[in-house]
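Asker: Dropping a structure here in C-alpha cells format, bear with me for questions.
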Amino acid sequence: MMASTSFVWSVWTVVSLTLTLASASADDQEGGAHCPPVLCGGVKIAFPFGVVPEQATATNCGAIGFQVRCVNGTPYLGYSRYDHWLQVLSVFYNNASLIVADSHELETLGASDGGGSVVCRIPENNSSTKVGLPFSISPLNQDLILYNCTKAPAPDEEGLVEMTRCGNRTFARIGGRYGEPDGGGYSLDGCGATVVPVLVKDDGKANASDYEQLISGGFLLTWQWQTSKLHLCTE
C-alpha cells in the first residue's frame, strides 16, 4: 500500500512539474506583465510595450523586445539610456504598427562644430541597421537616399537635389518603395549613400529637398503579435 501511494505521489509530482514548466514557458513567450498604459509625450505606451523606468536597466512590463524609454517626455524604442535613435511618434495597436523617427540621422545632419555653428554631415549608417526583431520596416515606406560625394555626379542623374546647407557635394533623392528588388540601384560613382525610409503622402509624391521634414516625419514599422491579446490593454 505504501509503495502504491509513493508511486501515485511521484506521478502527481511529475505531472505538476510539467504543467508548471509549460506555464512558465508560455509566460516567457508572451513576455512581461500587462502593466497599465503610460503616457509619454502624448504617446500611449501599452502592452505589448513596456516603459523602462529612469535609471533602470530592465522592466517587468511589456513583451520581450518591446521596451520603451521615456526621456524628457519623449519615447524611444529600446533599453539603452545612451543610444536614443528611434523616437516613437505614434502607435497603432489595432493593426500592430507604429511610426518612428530616426533622431540620430537628424542630429547628424544638424551637428554642431563645437563653436556654436551648425555643420551638416551625412549619416553613415542606414536606418535599417537600427531595426531588429520583433519589428520590421513596412514596404509602404519609400527610400530617401542621402549622398556624400567626392565629385559632382553626372548631370543626367534623375531626381538629385543638392543639399545646399550641407555643401555642394551632398545630394538627396527619393527612391522607390522600401525593400523593392531594384533598391540597390541607388549607388553613384564617387558617392557614399545612406538610405532612410520615409512615410510619404498617399499620392506617393515627395520632394527630396524636404529631406529634414521627411526624416522627422518618421517611417512605419510593423510587429508580429497576437492582436487578440492587445484589446484588454489598449481599450
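Asker: Go through the range 123-164 and count every residue that is under 16 Å from H104 (Cβ atoms), part of a loop (DSSP other than H, G, I, E, B) and not polar (S, T, N, Q).
Answerer: 4
Asker: Would you mind finding the one in S80, S138, S117, S90 that is exposed (fewer than 14 other Cβ atoms within 10 Å of the Cβ), modelled with pLDDT of 95 or more and among the polar types (S, T, N, Q)? Quick ask: steps written out before the conclusion?
Answerer: Values: S80 fails: modelled with pLDDT of 95 or more; S138 fails: exposed (fewer than 14 other Cβ atoms within 10 Å of the Cβ); S117 fails: modelled with pLDDT of 95 or more.
Sole residue among the options that is exposed (fewer than 14 other Cβ atoms within 10 Å of the Cβ), modelled with pLDDT of 95 or more and among the polar types (S, T, N, Q): S90.
Asker: Name the single residue, out of those in the range 98-114 being buried (at least 17 other Cβ atoms within 10 Å of the Cβ) and assigned to a strand (DSSP E or B), that is modelled with the lowest pLDDT.
Answerer: By that ranking, first place goes to D102.
Asker: What about R173, is it at pLDDT 90 or above and not in a helix (DSSP H, G or I)?
Answerer: Spelling it out, R173 is indeed at pLDDT 90 or above and not in a helix (DSSP H, G or I).
Okay, residues lined up against (1) modelled with pLDDT of 75 or more; (2) β-branched (V, I, T); (3) within 20 Å of the chain's Cα centre (by Cα):
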| site | (1), (2), (3) |
| --- | --- |
| T20 | no, yes, no |
| D27 | no, no, no |
| V43 | yes, yes, yes |
| A46 | yes, no, yes |
| A58 | yes, no, yes |
| Q67 | yes, no, yes |
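The values are calculated or read from the model by the stated rules, or taken from the named source; none is laboratory data. Keep in mind that what you see is a predicted model, and the values were worked out from it rather than measured. Glycine also receives a Cβ, built like all others from the backbone with ideal geometry; neighbour counts cover every protein chain displayed.
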